[in-house]
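The values are calculated or read from the model by the stated rules, or taken from the named source; none is laboratory data. Predicted, not measured: the structure shown is a model, and the values here were computed from it. Reconstructed Cβ throughout: ideal geometry from the backbone, glycine too, with neighbour counts over all protein chains shown.
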Amino acid sequence: MNIQSKDTAGKISENVAQNAVNQTEFGWFNWKIFFVTSLISLNIGFGLGSVGLVLPSAACDFKMSTIAKGRMAMMPVAGMIFGPYFWGNLVDMKGRRVGLISSLCIQGFADILSSVISNYYGFLFLKFFSGFGLSGQLSLMFTYIGEFQPCKYRDGVLSWLEMPWAVGLMIVAGLGWLIIPLEISYYSDSFFFFNSWNIYILVAAILAPLIALWIVFLPETPKYLAETGQRKKLLAILSQMYRENTGKTHEDFVERIKNLRNPDLDDLLNSQDSVPVKKPFSKILKNCLKQTKELLRPPYLKTTVLMCISAYCITSSYFTMVFWLPEIFQRFAVFEEQFPGQSASVCTVSTMLYSKNATPIVENDFTNCRNTLNPIVFSHNLIVGAACVPVALWLPLCVDRFGYKLHFIGASFLASILAFGLFLVENSTQNLILSCLFEALASISITIVMCMLVELYPTNIRVVASAFATFIGRIGAFIGISLVGYLIDDYCVPLIALVGTHLIIAAVVGFFVPIHKTKKAFMNREKELSQKQTFDSTVIVEP
């Protein structure tokens with residue numbers, strides 16, 4: 001049967017493309033893609049982790065109140081809210097590679113420019129675009145690396161991408177410790193200033209454009225080339241992957257494909273290149289809206305509601321703490337300097353130093369303001385980053401045994417206990433211990449949400465489902481970060497109670513998520529579905 005339409009002529013089915021990728025084996029090419037994608041994950045850790053250290057460091061230069069600091073923390077997340085659907089549509093039109101290069105350049109150059117701007121609102125504007133670029137990287141790096149991997153190795157490769165994120169948080173904290181305390185300061189009569197924290201932003205931003213430059217020399221993914229009917233390019237990339245992975249020749253790859261006696265792969269070898277399938281923006285947007293509506297109708301409505309609640313609660317709590325932890329560490333350092341030997345919780349510190357009734361009020365006193373942060377802020381931030389590493393190791397090693405659901409419920413519930421435990425801390429050391437455990441558990445919860453989204457939805461709506469849940473989650477992060485700025489000084493108790501309650505809700509919702517018990521069960525289901533499908537590269541059915 002040979003049925004083709006104007007929009008589908010020339011396309012190669014996803015299953016045929018994946019079958020071809022499976023024949024390229026695993027080797028140097030895959031490690032090369034993994035390394036560059038790990039650098040992207042590392043860069044995301046740089047971009048988000050640096051914000052927390054900049055808040056207290058730039059407070060004097062920008063004369064920021066707690067609310068003004070909140071606005072600064074909100075801007076990257078505001079940019080990330082607008083990202084998922086934009087980047088999803090862009091990569092459908094231009095490819096994964098173009099999307100990654102664009103997002104890295106936007107984020108990198110926005111951060112580089114923000115390092116030399118001395119206007120508060122100009123800084124916020126650039127941080128918005130920094131977050132917008134980071135959103136693209138978060139959305140695309142899993143797709144880019146995943147579409148190069150044979151089925152056998154894909155999940156293992158993807159599971160390890162949290163490790164460079166954790167390492168990135170450690171490195172950016174270490175860079176802050178090395179750079180921000182430096183006595184580098186320049187002020188001009190034209191209201192321009194350049195201090196050590198500006199250098200810190202500049203150094204942390206350099207990695208992004210360097211990664212973009214490297215990706216220029218890397219290929220587009222096989223699945224995108226198959227989807228757009230670029231057959232010659234697809235065959236060339238598959239051959240390159242095979243040659244780099246095995247050290248063999250193109251002729252060996254062709255012979256390997258022929259020996260499989262798979263008519264679909266034989267057709268790929270013998271086919272002529274066709275005009276690439278173009279996707280008009282209007283059609284992509286229409287299809288995106290159609291798939292979004294499908295998410296909000298049975299049989300996916302219940303799952304979508306549960307996953308959006310989970311994403312909202314977890315992301316809100318996690319980003320609230322991540323962006324504000326350095327500020328909290330600094331507050332403890334100031335408190336212990338002014339009130340040596342006196343115990344206090346997070347809320348007590350904020351009330352005594354920064355509330356409207358505080359004596360003295362530290363918040364708006366810029367007369368003798370110092371940009372210098374207490375060294376304990378850097379050491380504590382570094383330790384918090386290191387605390388995420390064991391969890392990043394645990395998840396890929398143990399998820400097969402215990403399953404996503406048990407991990408999610410357990411991590412969310414324990415994180416809620418730790419959040420409420422902030423009421424009981426009496427010094428900065430206890431606060432550090434709880435912060436480390438909280439960050440590690442909340443971080444693993446976010447990763448598991450993304451993994452569950454892959455399992456819960458079929459291929460044709462999986463990308464839109466992930467984008468929609470991510471969009472809701474980032475709205476939660478935006479609201480959470482903004483609430484800290486307005487509440488932490490005078491209404492700290494309800495703020496922490498809100499964070500803990502969000503995590504309890506996430507844990508309860510986790511019980512009702514209709515997910516397979518383990519990842520192994522999911523892989524068995526995918527294998528069964530794959531075996532039932534008939535491969536025909538000339539018959540394309542649009543979802």
Practice task
Determine the pairs where a residue that is farther than 15 Å from Pro150 by Cβ and among the small types (Gly, Ala, Ser), located within region 24-40, has a partner that is assigned to a helix (DSSP H, G or I) and modelled with pLDDT under 95 with Cβ atoms under 8 Å apart, the partner being 6 or more residues away or on another chain.
Solution key: Ser38/Met163; Ser38/Pro164
Problem - Pick from region 38-72, criterion in a loop (DSSP other than H, G, I, E, B) and in contact with a helix residue (DSSP H, G or I) (Cβ under 9 Å, 6 or more places away or on another chain), ranking: nearest to Leu140 (Cα to Cα) - result: Ala58
Practice task
Please work out if Leu140 is out of contact with any Leu (no Cβ under 6 Å at 6 or more places or on another chain), in contact (Cβ under 8 Å) with a residue 12 or more places away in the chain and in a helix (DSSP H, G or I).
Solution key: no
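So that you can scan it fast, the table gives a plain yes or no per residue for (1) in a helix (DSSP H, G or I); (2) in contact with a Leu (Cβ under 9 Å, 6 or more places away or on another chain):
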site	(1), (2)
Glu426	no, no
Leu434	yes, yes
Ala440	yes, no
Ser445	yes, yes
Val449	yes, no
Met452	yes, no
Glu455	yes, no
Ala467	yes, no
Gly485	yes, no
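Residue by residue, here is whether (1) touching a strand residue (DSSP E or B) at 6+ places or on another chain (Cβ under 6 Å); (2) closer than 30 Å to Val377 by Cβ holds:
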site: Pro150; (1), (2): no, no
site: Gly156; (1), (2): no, no
site: Trp165; (1), (2): no, yes
site: Gly168; (1), (2): no, yes
site: Ile171; (1), (2): no, yes
site: Glu183; (1), (2): no, yes
site: Tyr186; (1), (2): yes, yes
Exercise for the section: Specify the residue that is surrounded by the most Cβ atoms within 10 Å (Cβ to Cβ); the eligible residues are those in region 370-396 that are part of a loop (DSSP other than H, G, I, E, B) and either free of Cβ contacts under 8 Å to residues at least 60 places away in the same chain or among the basic types (Lys, Arg) (or both). Expected result: Asn374
Exercise for the section: Read through the list (1) among the polar types (S, T, N, Q); (2) assigned to a helix (DSSP H, G or I); (3) farther than 25 Å from Met241 by Cα, then give the number of the only condition that Ser118 fails. Expected result: (2)
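Here is a yes/no grid of residues against (1) of a type in the set (Gly, Ala, Ser); (2) more than 30 Å from Leu382 (Cβ to Cβ); (3) in contact with a Ser or Thr (Cβ under 8 Å, 6 or more places away or on another chain):
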position	(1), (2), (3)
Glu439	no, no, no
Ala442	yes, no, yes
Ile448	no, no, no
Leu453	no, yes, yes
Pro458	no, yes, no
Val464	no, yes, yes
Ala467	yes, yes, yes
Gly473	yes, no, yes
Phe478	no, no, no
Practice task
Give the residue that is surrounded by the most Cβ atoms within 10 Å (Cβ to Cβ), with candidates limited to residues of region 268-280 that are farther than 30 Å from Val464 by Cα and modelled with pLDDT of 75 or more.
Solution key: Leu269
Completion exercise
Checked Lys248, Lys283, Lys233 against criteria (surrounded by 13 or more Cβ atoms within 10 Å (Cβ to Cβ), outside the structural domain of Leu175 (by TED's automatic domain parsing) and in contact with a Lys or Arg (Cβ under 9 Å, 6 or more places away or on another chain)); the one match is Lys248
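Yes/no per residue for (1) at pLDDT 85 or above; (2) closer than 25 Å to Phe329 by Cβ:
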| residue | (1), (2) |
| --- | --- |
| Val36 | yes, no |
| Leu48 | yes, yes |
| Asp61 | yes, yes |
| Thr66 | no, yes |
| Lys69 | yes, yes |
Practice task
May I ask you to list the residues in region 490-511 that are in contact (Cβ under 8 Å) with a residue 24 or more places away in the chain, over 14 Å from Met307 (Cα atoms) and surrounded by fewer than 24 Cβ atoms within 10 Å (Cβ to Cβ)?
Solution key: Asp490, Cys492, Val493, Ile496, Ala497, Gly500, Thr501, Ile504
Exercise for the section: Report, ordered by the first and then the second residue, all pairs with beta carbons closer than 7 Å, sequence separation of six or more or different chains, a first member in region 115-127 that is farther than 22 Å from Phe478 by Cβ, and a second member that is assigned to a loop (DSSP other than H, G, I, E, B) and not small (Gly, Ala, Ser). Expected result: Ser118/Phe191; Ser118/Phe192
Completion exercise
Only one of Met170, Met163 is surrounded by fewer than 20 Cβ atoms within 10 Å (Cβ to Cβ) and part of a helix (DSSP H, G or I), namely Met163
Practice task
For region 419-431, enumerate the residues that are at pLDDT 90 or above and crowded, with 22+ Cβ neighbours inside 10 Å.
Solution key: Ala419
Practice task
Considering every residue within region 87-103, establish whether at least one is buried (at least 23 other Cβ atoms within 10 Å of the Cβ), polar (S, T, N, Q), assigned to a helix (DSSP H, G or I) and assigned by TED's automatic domain parsing to the domain that holds Ile201.
Solution key: yes
Handout entry: Among the candidates Val454, Val399, residue that is buried (at least 21 other Cβ atoms within 10 Å of the Cβ) and modelled with pLDDT under 80
Key = Val399
Fill in the blank from the handout: Only one of Lys223, Lys232 is over 17 Å from Tyr144 (Cα atoms), part of a helix (DSSP H, G or I) and among the charged types (D, E, K, R), namely Lys232
Handout entry: Answer residue from region 211-230, given it is closer than 24 Å to Phe109 by Cα and out of contact with any helix residue (DSSP H, G or I) (no Cβ under 8 Å at 6 or more places or on another chain) and is surrounded by the most Cβ atoms within 10 Å (Cβ to Cβ) among those
Key = Leu213
Practice task
Name every residue in region 464-485 that is more than 15 Å from the chain's Cα centre (by Cα) and farther than 18 Å from Pro76 by Cβ, in order of residue number.
Solution key: Val464, Ala465
